[in-house]
Amino acid sequence: MRKFLVILDDSSECLNAIRFAAMRAAKSGGGVEILSVIPPEEFNHWIGVGDIMREEARDRIKAHFEVFAKWMRDKQGVEPTLTIREGELFNEVLGQIADDREIGLLVLGAGTDKKGPGPLVSQMIKSAASVPIPFTVVPGNLSKEQLEAVC
């Protein structure tokens with residue numbers, strides 16, 4: 001089964017990327033893999049404190065995922081999977097693509113900030129020639145209705 005890989009983070013554009021991936025997966029018979037990456041700098045504390053913070057970060061990610069997973073199951077009929085990795089975002093995204101050969105498309109949300117689409121989108125565009133799968137950039141300012149019309 002072809003899977004759509006989407007990044008779960010705290011950005012507002014994440015929502016549109018997740019919606020797009022779920023709608024496309026539902027219409028194409030594919031799956032959705034949600035990747036969340038914990039940056040390494042979050043745990044530069046004493047070992048015990050770092051372990052507690054790591055577990056708290058994982059718990060927050062799982063709770064956030066469950067909100068989106070329920071919507072995907074109820075509204076799109078898609079059962080997403082969650083992968084949590086630790087490291088630098090760009091490298092971990094490429095690592096997940098390399099590790100899971102069923103991933104066929106990376107779906108990214110573009111920020112609406114005047115600074116640009118966001119660091120991951122910018123880095124992917126700069127590295128597009130070496131990214132092993134196609135990727136789609138979903139504008140963060142599209143409405144739910146506009147997304148439905150595209151999908």
Selected from ASN91, GLN123, GLY109, residue furthest toward positive end of dipole (the chain; charges at beta carbon): GLY109
Out of all DSSP beta bridges with both ends in segment 3-150, state the antiparallel percent to the nearest 5. 0 percent
If you line up the long axis of helix 47-71 against the longest principal axis of the chain, both from Cα atoms, how many degrees apart are they, to the nearest 10? 20 degrees
Rg followed by Dmax, in Å, when segment 79-151 is reduced to its Cα trace: 13.5, 36
Take the Cα gyration tensor of the chain, multiply each eigenvalue by 5, square-root it, and list the three semi-axes largest first, rounded to whole angstrom. 25, 18, 16
Magnitude of the charge dipole, segment 3-150, Cβ model with Lys/Arg +1 and Asp/Glu -1, debye to 20: 600 debye
Relative to the longest principal axis of the C-alpha atoms of the chain, give the angle of the C-alpha long axis of helix 89-99, reported between 0 and 90° and rounded to the nearest 10°. 70 degrees
Using only Cα atoms and rounding to the nearest 10 degrees, what angle (0 to 90) does helix 13-28 make with the longest principal axis of the chain? 50 degrees
Cross-link reach from LYS27 to aspartates and glutamates, straight Cα distance under 13 Å and at least 8 residues apart if same chain, gives GLU148
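Throughout, read-outs are computed from the coordinates displayed, never taken from laboratory work. Computed from a prediction, not measured in an experiment: that's the story for all the values here. Positions of Cβ are backbone-derived with ideal geometry, glycine not excepted, and every protein chain shown enters the neighbour counts.
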